Amino acid sequence: MKRTTLHLAKQNFKFSSGHFLIFDDQNAEKLHGHNYRVRVDVRASSGADFSKSGYLVDFRKLKDVIKAQLDQWDEHVLLPAKQKDMKIESRGSNYDVNFRERFYSFPQNEVVLLPVTNTSVEQLSRLLAESFYQSFKKYQIEAVGVWVEETPGQGASCWVSSNPK
(Lines give C-alpha, C1' and ligand atoms only; values in the text may rest on other atoms or scores of the structure.)
Protein backbone atom coordinates (compact mmCIF):
# COMPACT_ATOMS: atom_id res chain seq x y z
CA MET A 1 0.00 0.00 0.00
CA LYS A 2 1.26 3.43 -0.90
CA ARG A 3 0.65 6.45 1.29
CA THR A 4 1.49 10.08 0.65
CA THR A 5 2.32 12.42 3.51
CA LEU A 6 2.82 16.15 3.14
CA HIS A 7 5.22 17.85 5.57
CA LEU A 8 4.85 21.52 6.45
CA ALA A 9 7.38 23.24 8.69
CA LYS A 10 7.49 26.81 7.46
CA GLN A 11 9.53 29.54 9.14
CA ASN A 12 6.35 31.43 10.06
CA PHE A 13 4.72 28.41 11.73
CA LYS A 14 5.43 29.77 15.17
CA PHE A 15 3.82 31.54 18.06
CA SER A 16 5.13 33.26 21.17
CA SER A 17 3.02 32.71 24.26
CA GLY A 18 3.14 32.91 28.03
CA HIS A 19 2.08 29.98 30.21
CA PHE A 20 2.99 27.91 33.24
CA LEU A 21 2.81 24.17 33.81
CA ILE A 22 1.10 22.64 36.80
CA PHE A 23 2.93 19.54 38.03
CA ASP A 24 0.88 18.42 41.02
CA ASP A 25 -1.16 19.78 43.94
CA GLN A 26 1.79 21.80 45.28
CA ASN A 27 4.14 22.48 42.38
CA ALA A 28 3.80 24.67 39.33
CA GLU A 29 6.14 26.68 37.16
CA LYS A 30 6.34 30.44 37.30
CA LEU A 31 4.66 32.34 34.49
CA HIS A 32 7.07 32.42 31.55
CA GLY A 33 7.03 32.23 27.76
CA HIS A 34 8.28 30.30 24.78
CA ASN A 35 8.83 30.92 21.12
CA TYR A 36 7.04 27.79 19.91
CA ARG A 37 7.69 26.25 16.48
CA VAL A 38 5.16 23.98 14.77
CA ARG A 39 5.40 21.25 12.14
CA VAL A 40 2.33 19.72 10.52
CA ASP A 41 2.24 16.38 8.69
CA VAL A 42 -0.79 15.57 6.57
CA ARG A 43 -1.41 12.02 5.35
CA ALA A 44 -3.62 11.37 2.33
CA SER A 45 -6.53 8.97 2.61
CA SER A 46 -5.73 5.52 1.26
CA GLY A 47 -8.24 6.03 -1.54
CA ALA A 48 -7.08 9.51 -2.49
CA ASP A 49 -6.56 9.77 -6.22
CA PHE A 50 -4.47 12.73 -7.31
CA SER A 51 -2.96 11.14 -10.39
CA LYS A 52 -4.86 13.54 -12.65
CA SER A 53 -3.70 16.76 -10.96
CA GLY A 54 -0.38 15.39 -9.75
CA TYR A 55 -0.81 16.82 -6.26
CA LEU A 56 -3.03 16.17 -3.25
CA VAL A 57 -3.91 19.73 -2.21
CA ASP A 58 -2.60 23.21 -2.84
CA PHE A 59 -0.14 23.83 0.01
CA ARG A 60 -1.46 27.39 0.34
CA LYS A 61 -4.84 26.12 1.55
CA LEU A 62 -3.18 24.18 4.36
CA LYS A 63 -0.68 26.91 5.21
CA ASP A 64 -3.42 29.56 5.49
CA VAL A 65 -5.35 27.47 8.03
CA ILE A 66 -2.21 26.65 10.04
CA LYS A 67 -0.97 30.23 10.15
CA ALA A 68 -4.41 31.61 11.10
CA GLN A 69 -4.65 29.22 14.07
CA LEU A 70 -1.12 29.94 15.29
CA ASP A 71 -1.73 33.69 15.00
CA GLN A 72 -4.64 33.32 17.44
CA TRP A 73 -2.19 32.11 20.11
CA ASP A 74 0.70 34.42 19.19
CA GLU A 75 1.59 37.05 21.82
CA HIS A 76 -1.06 35.76 24.22
CA VAL A 77 -1.10 34.15 27.62
CA LEU A 78 -2.42 30.59 27.34
CA LEU A 79 -4.52 29.47 30.31
CA PRO A 80 -5.97 26.00 30.98
CA ALA A 81 -9.70 26.60 31.40
CA LYS A 82 -10.25 23.05 32.75
CA GLN A 83 -7.65 23.28 35.54
CA LYS A 84 -9.43 22.54 38.83
CA ASP A 85 -7.24 24.91 40.88
CA MET A 86 -7.61 27.84 38.51
CA LYS A 87 -10.50 30.26 38.94
CA ILE A 88 -10.95 32.63 36.02
CA GLU A 89 -13.38 35.50 36.38
CA SER A 90 -14.26 38.11 33.82
CA ARG A 91 -14.02 41.57 35.41
CA GLY A 92 -14.56 44.44 33.01
CA SER A 93 -12.07 44.04 30.18
CA ASN A 94 -9.78 41.80 32.26
CA TYR A 95 -9.62 38.21 33.40
CA ASP A 96 -8.87 37.93 37.09
CA VAL A 97 -7.11 34.63 37.61
CA ASN A 98 -6.67 32.94 40.97
CA PHE A 99 -4.40 29.94 40.99
CA ARG A 100 -3.77 28.63 44.49
CA GLU A 101 -1.87 31.46 46.25
CA ARG A 102 -1.26 33.39 43.03
CA PHE A 103 -3.32 36.20 41.53
CA TYR A 104 -3.07 37.58 38.01
CA SER A 105 -5.11 40.12 36.11
CA PHE A 106 -4.76 40.01 32.32
CA PRO A 107 -6.46 42.04 29.59
CA GLN A 108 -8.97 39.64 28.02
CA ASN A 109 -7.71 40.41 24.51
CA GLU A 110 -4.27 39.09 25.53
CA VAL A 111 -5.50 35.72 26.88
CA VAL A 112 -6.59 32.50 25.22
CA LEU A 113 -8.57 30.13 27.43
CA LEU A 114 -7.88 26.61 26.22
CA PRO A 115 -10.10 23.57 26.89
CA VAL A 116 -7.31 21.67 28.69
CA THR A 117 -6.11 21.01 32.24
CA ASN A 118 -2.54 22.09 31.51
CA THR A 119 -0.84 24.19 28.81
CA SER A 120 1.79 21.56 28.03
CA VAL A 121 3.18 20.90 24.56
CA GLU A 122 1.35 17.57 24.73
CA GLN A 123 -1.98 19.38 25.07
CA LEU A 124 -1.11 22.14 22.58
CA SER A 125 -0.15 19.59 19.91
CA ARG A 126 -3.41 17.69 20.53
CA LEU A 127 -5.56 20.82 20.22
CA LEU A 128 -3.85 21.85 17.00
CA ALA A 129 -3.99 18.35 15.50
CA GLU A 130 -7.73 18.09 16.23
CA SER A 131 -8.42 21.52 14.77
CA PHE A 132 -6.34 20.95 11.64
CA TYR A 133 -7.82 17.50 11.08
CA GLN A 134 -11.34 18.97 11.09
CA SER A 135 -10.28 21.66 8.62
CA PHE A 136 -8.30 19.35 6.31
CA LYS A 137 -10.41 16.20 6.05
CA LYS A 138 -12.34 17.74 3.13
CA TYR A 139 -9.10 17.43 1.11
CA GLN A 140 -9.02 13.60 1.27
CA ILE A 141 -6.86 13.76 4.39
CA GLU A 142 -6.84 10.69 6.63
CA ALA A 143 -4.55 11.90 9.40
CA VAL A 144 -2.87 15.01 10.71
CA GLY A 145 0.21 15.03 12.92
CA VAL A 146 1.37 18.13 14.75
CA TRP A 147 4.73 18.64 16.43
CA VAL A 148 4.98 21.59 18.84
CA GLU A 149 8.50 22.51 19.93
CA GLU A 150 8.88 24.81 22.94
CA THR A 151 12.66 24.96 22.80
CA PRO A 152 15.01 23.54 20.15
CA GLY A 153 14.87 19.77 20.35
CA GLN A 154 12.13 19.64 23.00
CA GLY A 155 8.47 19.23 22.21
CA ALA A 156 5.58 16.85 21.71
CA SER A 157 3.51 15.56 18.85
CA CYS A 158 0.01 14.24 18.36
CA TRP A 159 -1.69 12.44 15.46
CA VAL A 160 -5.41 12.61 14.79
CA SER A 161 -6.79 10.12 12.31
CA SER A 162 -10.02 8.83 10.85
CA ASN A 163 -8.42 5.38 11.01
CA PRO A 164 -8.31 4.06 14.61
CA LYS A 165 -5.24 1.86 13.90
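Suppose the filter is loosely packed, with under 11 Cβ neighbours inside 10 Å and either modelled with pLDDT of 95 or more or within 23 Å of Thr119 (Cβ to Cβ) (or both); does Ala68 pass it?
Criteria met by Ala68.
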Requested in this report: Kindly indicate the residue of the range 135-150 that is touching a helix residue (DSSP H, G or I) at 6+ places or on another chain (Cβ under 6 Å) and surrounded by fewer than 21 Cβ atoms within 10 Å (Cβ to Cβ) and also nearest to Val65 (Cα to Cα) among those meeting that condition.
Outcome: Ser135
Query - Test: residue in the range 22-32 that is out of contact with any strand residue (DSSP E or B) (no Cβ under 8 Å at 6 or more places or on another chain), of a type in the set (Phe, Trp, Tyr) and at pLDDT 95 or above - result: yes
Report task. Report the residue count in the range 8-26 for those that are surrounded by 10 or more Cβ atoms within 10 Å (Cβ to Cβ) and within 20 Å of Asp58 (Cβ to Cβ). Result -> 5
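How many residues are under 15 Å from Ser125 (Cβ atoms) and of a type in the set (Asp, Glu) when one looks only at the range 1-52? Even if it seems obvious, please write down each step before you answer.
Here is the first cut: in the range 1-52, the ones under 15 Å from Ser125 (Cβ atoms) are 8-9, 13-15, 17, 19, 21, 34, 36-42.
The next check asks that each one be of a type in the set (Asp, Glu); those that pass are 41.
Total meeting the criteria: 1.
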Query - Scan of the range 61-99 for residues that are under 24 Å from Leu128 (Cβ atoms), polar (S, T, N, Q) and touching a helix residue (DSSP H, G or I) at 6+ places or on another chain (Cβ under 9 Å), ordered by number - result: Gln69
**Report entry** Segments classed as strands (runs of 3 or more DSSP E), wholly inside the range 1-118, with at least 2 members that are in contact (Cβ under 8 Å) with a residue 60 or more places away in the chain and of a type in the set (Gly, Ala, Ser)
**Finding:** 14-19
Query raised in the report: Val146: in contact (Cβ under 8 Å) with a residue 12 or more places away in the chain, touching a Lys or Arg at 6+ places or on another chain (Cβ under 9 Å) and either in a strand (DSSP E or B) or among the aliphatic types (A, V, I, L, M) (or both), yes or no?
Result: yes
**Report entry** Checklist (1) among the polar types (S, T, N, Q); (2) without any contact (Cβ under 8 Å) to a residue 24 or more places away in the chain; (3) in a helix (DSSP H, G or I) applied to Ser135, failing item
**Finding:** (2)
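The values are calculated or read from the model by the stated rules, or taken from the named source; none is laboratory data. Everything numeric in this text was worked out from a predicted model, so none of it was measured. We place every Cβ from the backbone using ideal geometry, glycine too, and count neighbours over all the protein chains shown.
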